[in-house]
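Let me begin by handing over the structure; questions about it come next.
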Amino acid sequence: MSTMTGKAAQPAKVQAGPGTSQSPAAGPQERRGRKRPSMGVQNAAGWLFSTPFLVLFTVFMAFPILATLLMSFTDFGLRNVTHPLDANFIGFENYANLFGDEKFLKSLFNTAYFVVIGVPLTIFLGLVVAVLLNNGIDRARTFFRVGFYAPVVTTIVAVAVVWRFVLDPSDGLIAGLFTEVGLTPPDFLGSETLAMPSMIAMAVWRNLGTVMVLFIAGLQAIPTEVREAAKLDGAGVWHEFRRITVPLLRPTLLYATVITTIGYLNVFEEPFVMTQGGPSDSTLTVSLNMYREGFNFFHMGYASAMAYVLFVVIMGITVLQLRLLKDNTK
Amino acid sequence: MSRTARTASVGIAVALAFGITACGSSGADVAADKKQTLTVWAMGAEGEKLADVAKVYEKSHPNITVKVTPVGWDVAHQKLVSAAAAGTMPDVAQMGGSYMGEFSELGVLEPVDTKTFDKKDFFPSGWNQGEVDGTAYGVPWYVDTRVLYYRTDLAEKAGIDKAPTNWKEMQDLATAYQKKAGTKWGLSIQPSGLDTVQNFYSFLYSAGGEIVNDKGEAVIDSPEAVKALKEYGSYFDKGLSNKSVAPGYDVVKDFGNGRVPMFFGGPWHVTLLNEGQPQIKGKWAVANVPADKSSVSMAGGSSLVVSKDSEHKAAATEFIKYLTDAKGQADWYERTKDLPANTAAWTSGALSDDANLQVFKKQMDTAKAAPSLAKWTEITDKVDQAIAKVTQGKASAQDALKTAQSQIEGLVK
């Protein structure tokens, strides 16, 4: 296969690199004393070991990605599932149609809403919880860490059951608090204005743990000497946090922000299990819209185009974030 | 990646995409009396029960091994589409009425052998849902329809001692339940979300409306449809029905504890209530859908289809015959409580004398199946949206249906 010759030179070069530069003394000696396996054998072994990955990658990643790209330029529909060659090539028509599609624009807006409110909340609360856990409450620390992390490893269906109880307007947890003080409880999931914030609250609760763990790791990587030095210089808690913790935590902050943003741009599960996008599409996100177009209505070509638009958006935002946040560290 | 590598991988992707599907078998058909294995897919509870029936069948047909694969309803549609795409459809498959249009369009179904199966033996709506453009592709296996379930004990408390027969009586009862019997809601109907239309059908059809008529024209903005949606919406305006119902909500528990005294349910709810809510035994009843012009409910159910690529069509036809004749259907009812699609099966046992079942049977005689259109899911989605607009107070029935009408016109062509 031509792919092999195309990539073959690279692994060999990487291997030769550190061997020669890091220990110049050992290099010639080794070469003299022991016969190194020939380039060809080394390459073959490399390919052999990476074959399982390459096969899986090709079948489950590269192929679908390419097939989707091709599909996005066709009118691939239900009939084409059995007659794929009958799909018509329609160029950029799907993409052009997307931007006149009210529903898609709404889902794009909803997703943006979700990200703009959800990401800062998740990051901020994750940081707060991590700092609290890292500094205070020594004895119950493990308990709280597990407590905050539990939602991350809980299946979405279980989460949905709990949150439906919390949000239920007639006998839910929050409704109970409202009636206690004599107010009419709001109908969280049934209201167009409240459904999205409810969804965000649920997502923040669910993803806080991931971010918290990242921050705890980051916080513990900050050398105690630095903190002690700061304290000796008379820095207060707030000062230490602003001048020491935050700057040293910036790589973690960057990473957490980027992965949370990507995750939220793809948000699917929360609206899928809680509202199915309703009421009146107020919680319809791009991913959910894509799923419905593709698997409910079989507009495969159109759904593929949607996937690529989402991909470009995610890519753009990620690059932008890396630029903005990285520059600040200098 | 080098240029050649890139070209190669694109080539492979294209070849795979378009080649994988081209390998459907087209071998000769095996005679029914030869030794063979029949593969059958059935969904949900049916899938599990069918294996027992298959064992009985194997005893009388020792040359045939029936391999039943139960498929969950939630994944059934996608699995069938994937199988159709890959040319790996089972010999026999159970299909919901709403699938028929799609799968006949995919060209993977064998037309029903009308010499073996007679239209006259089945409920018209059962047969109709297996028919696409005048050709039958599915043999009706079981049917279902929706009727009104209501709490008789609470109705008595509210001062009403008979089942509602028309729209006004139903709304009066709902109001009385709430006002006099202290129930939380009056009637449970779905306000929005996927398949809301299933609750709306009883109103729409009873008023004499349709979504798409016999000629294939969109008619959802007809005066009858508007009237039906106004009535439907009024339950939400008046606070008789819950405006926000979570996806997957199951009404059975709330019916049991009396928060919801009325709902439209299928035959399976009888079993669910008997087994899950024994405390209300004898305190509820079923009634035909309250009428406007007439009492017409939706018809659903499942058909059995034979795959076009099957090499065991003769045996498959015999097996389906076994499942759908009067005897097989009565036996199936005993096992699953699914309503027989074959009318002859209704002449004996519980099917002929149980009062609840007679309500279902009467409803079945007029029940209306959805047309078998490939884009039906998409069409009903537009109706779902119109219903949501009305129940959430965003639009009048007239305006919401006008929008739906123009959207559906583009889908029926």
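The values are calculated or read from the model by the stated rules, or taken from the named source; none is laboratory data. The structure displayed is predicted, hence computed values, not measured ones. Don't worry about glycine lacking a Cβ; one is built from the backbone with ideal geometry, like all the others, and counts go over all protein chains shown. These area figures cover heavy atoms from the full protein model, side chains too; ligands, DNA and RNA do not enter into them. Shrake-Rupley method; radii C 1.70, N 1.55, O 1.52, S 1.80 Å.
So what is the calculated 222 nm ellipticity per residue for chain B, using -39500 (n - 2.57) for each DSSP H run with n of 4 or more, over all residues, to the nearest 500 deg cm²/dmol?
Result for chain B, helices only: -14000 deg cm²/dmol.
Then there's this: Across peptide A:292-298, what mean number of C-beta atoms from other chains lies inside 10 Å of a residue's C-beta?
Shielding by partners across A:292-298 averages 4.
Tell me which DSSP H helices of chain A clear both cut-offs, 20 Å or more of axial length from alpha-carbon atoms and a mean Kyte-Doolittle hydropathy of at least 0.0.
Details: long enough: A:9-22 (21 Å, -0.74); A:39-57 (26 Å, 1.15); A:102-135 (49 Å, 1.41); A:195-220 (38 Å, 1.32); A:250-265 (22 Å, 0.91); A:300-329 (43 Å, 1.14).
For chain A, where a helix must reach 20 Å along its axis and average at least 0.0, the hits are A:39-57, A:102-135, A:195-220, A:250-265, A:300-329.
Among the listed pairs B:K179/B:K283; B:K168/B:K394; B:K35/B:K321; B:K283/B:K337; B:K184/B:K368, give every one whose C-alpha distance is greater than 27 Å.
B:K184/B:K368
Over all Cα pairs of segment A:257-321, how is the pair count split among 10 Å bins, expressed in % and running from 0 up to the last occupied bin?
Computed distribution, short to long bins: 22, 46, 29, 3.
Let me ask you something else. Amide H neighbours of B:L339 under 5 Å, at least 5 residues apart or on other chains, H built in the peptide plane: list them.
B:V143
Let me ask you something else. Taking only protein heavy atoms into account and a 1.4 Å probe, give the accessible area per residue of chain B in Å².
Result: 42 Å² of accessible area for each residue.
Helix B:355-366 against the longest principal axis of chain B: what's the angle in degrees, Cα atoms only, rounded to the nearest 10?
70 degrees
Quick one: order B:D237, A:D171 from most to least accessible surface, probe 1.4 Å. All intermediate terms of the calculation are to be shown ahead of the outcome.
On the way: B:D237 120, A:D171 85 Å².
Accessible-area ranking of B:D237, A:D171, largest first: B:D237, A:D171.
How high is the relative contact order of segment B:298-395, in percent, counting Cα pairs under 8 Å that sit 6 or more residues apart?
Normalised by residue count, the contact order of segment B:298-395 is 24 percent.
So what's the angle, to the nearest 10 degrees on a 0 to 90 scale, between helix B:44-60 and the longest Cα principal axis of chain B?
50 degrees
Let me ask another. Roughly how many Å² of A:V115 are accessible to a 1.4 Å probe, to the nearest 10?
Approximately 20 Å² for this residue.
Volume per residue, Å³, of the convex hull around the alpha-carbon atoms of segment A:92-165?
149 Å³
Return, for the Cα atoms of chain A, the radius of gyration and Dmax in Å, separated by a comma.
26.3, 89
Taking 20 °C and 1.002 mPa s as the conditions, I'd like the Stokes-Einstein D for segment A:135-267 in µm²/s, using the Kirkwood hydrodynamic radius from alpha carbon pairs.
120 µm²/s
If packing is taken as the average number of other Cβ atoms within 10 Å across a peptide's residues, how do B:128-134, B:35-41 rank, most packed first?
B:128-134, B:35-41
Continuing with the same structure: Residues with beta-carbon under 13 Å from that of B:F264, excluding B:F264: net charge, scoring Lys, Arg +1 and Asp, Glu -1?
Residues close to B:F264 contribute a combined charge of -1.
Between rounded, prolate and oblate, where does segment A:53-129 land on the alpha carbon gyration tensor, with a ≥ b ≥ c its root eigenvalues, rounded for a/c under 1.5, else prolate if a/b exceeds b/c?
Oblate shape, in that a/c is at least 1.5 and b/c is the bigger or equal ratio.
Tabulate in residue order the Karplus-calculated ³J(HN,Hα) for segment B:192-206, using 6.51 cos²θ - 1.76 cosθ + 1.60 with θ = phi - 60°, rounded to whole Hz; enter x for Gly and Pro.
6, x, 4, 6, 4, 3, 4, 7, 6, 3, 4, 6, 4, 5, 5
In square nanometres and to one decimal, what's the mean projected area of the convex hull around the Cα atoms of the protein assembly as shown?
Approximately 43.6 nm², given one-decimal rounding.
Order B:44-56, B:359-371 from most to least packed using the mean count of other Cβ atoms within 10 Å.
B:359-371, B:44-56
Another question, if that's okay. Could you sort B:Y232, B:Y322 by their accessible area in this structure, using a 1.4 Å probe and putting the largest first?
Of B:Y232, B:Y322, the descending order of accessible area is B:Y322, B:Y232.
Let me understand chain B better: what is its radius of gyration from the alpha carbons, and its Dmax, in angstrom?
When restricted to the Cα atoms of chain B, Rg and Dmax are 23.3, 83 Å.
Find the accessible area per residue for segment A:149-212; the probe is 1.4 Å, ligands and nucleic acids are left out, and the unit is Å².
The answer is 47 Å² per residue.
Any idea of B:E210's accessible area? Nearest 10 Å², probe 1.4 Å.
40 Å²
Still on this structure, I have one more. Quick query: amide H of B:G300 versus all other amide H atoms, modeled in the peptide plane; which residues come in under 5 Å with a sequence gap of 5 or more or a different chain?
B:D144, B:T145
I need the phi-derived Karplus couplings for segment A:273-283: 6.51 cos²θ - 1.76 cosθ + 1.60, θ = phi - 60°, integer Hz, Gly and Pro marked x.
Listing the rounded values in order: 8, 8, 10, 6, x, x, x, 6, 6, 6, 10 Hz.
Once every DSSP H run of n ≥ 4 in chain A is given -39500 (n - 2.57) and the sum is divided by its residues, what mean residue ellipticity at 222 nm do you get, rounded to the nearest 500 deg cm²/dmol?
Details: 17 runs with 226 residues, N = 330.
Value at 222 nm, helices only, nearest 500: -22000 deg cm²/dmol.
Return the single residue from B:A316, B:A386, B:A355 with maximal mean-square fluctuation; model: Gaussian network over chain B, springs between Cα atoms under 10 Å.
Per the Cα network of chain B with a 10 Å cutoff, B:A355 tops the list.
Once the Cα atoms of helix B:376-391 and of chain B are each reduced to a long axis, what angle between those two axes, in degrees from 0 to 90 to the nearest 10, is obtained?
20 degrees
So which residues of segment B:78-101 lose at least 40 Å² of accessible area, probe 1.4 Å, when you go from the chain by itself to every protein chain present?
Residues of segment B:78-101 that lose at least 40 Å² of accessible area once the other chains are added: B:Q78, B:V81.
Leaving ligands and nucleic acids out of the surface, order A:V146, A:V131 by accessible area at 1.4 Å, largest first.
A:V146, A:V131
Counting only protein heavy atoms and using a 1.4 Å probe, what share of the accessible area of the protein assembly as shown belongs to carbon plus sulfur, as a whole percent? The partial results should precede the final answer.
Numbers: 22010 of 36170 Å².
Accessible surface attributable to carbon and sulfur in the protein assembly as shown totals 61 percent.
Nearest 100 Å², what total accessible surface is buried between chain A and chain B (probe 1.4 Å)? Show your work: numbers first, answer last.
Working: alone 20330 and 18900 Å², together 36170 Å².
Heavy-atom accessible area buried at this interface is about 3100 Å².
Quantify how strongly other chains surround peptide A:155-162 by giving the mean number of their Cβ atoms within 10 Å of each of its Cβ atoms. Intermediate values should be presented prior to the final figure.
On the way: counts 0, 0, 1, 0, 0, 3, 2, 0.
For peptide A:155-162, the averaged partner shielding equals 1.
I would also like to ask the following. Using the beta-carbon distance between B:D237 and A:S170 and R0 = 22 Å, what value does 1/(1 + (r/R0)^6) give for FRET efficiency, to the nearest 0.05?
Values: r = 18 Å, r/R0 = 0.82.
After rounding to 0.05, the efficiency reads 0.75.
If you build a Gaussian network model of chain A, linking Cα atoms that sit under 10 Å apart, which residue out of A:M300, A:M202, A:M39 swings the most?
In the Gaussian network model the winner is A:M39.
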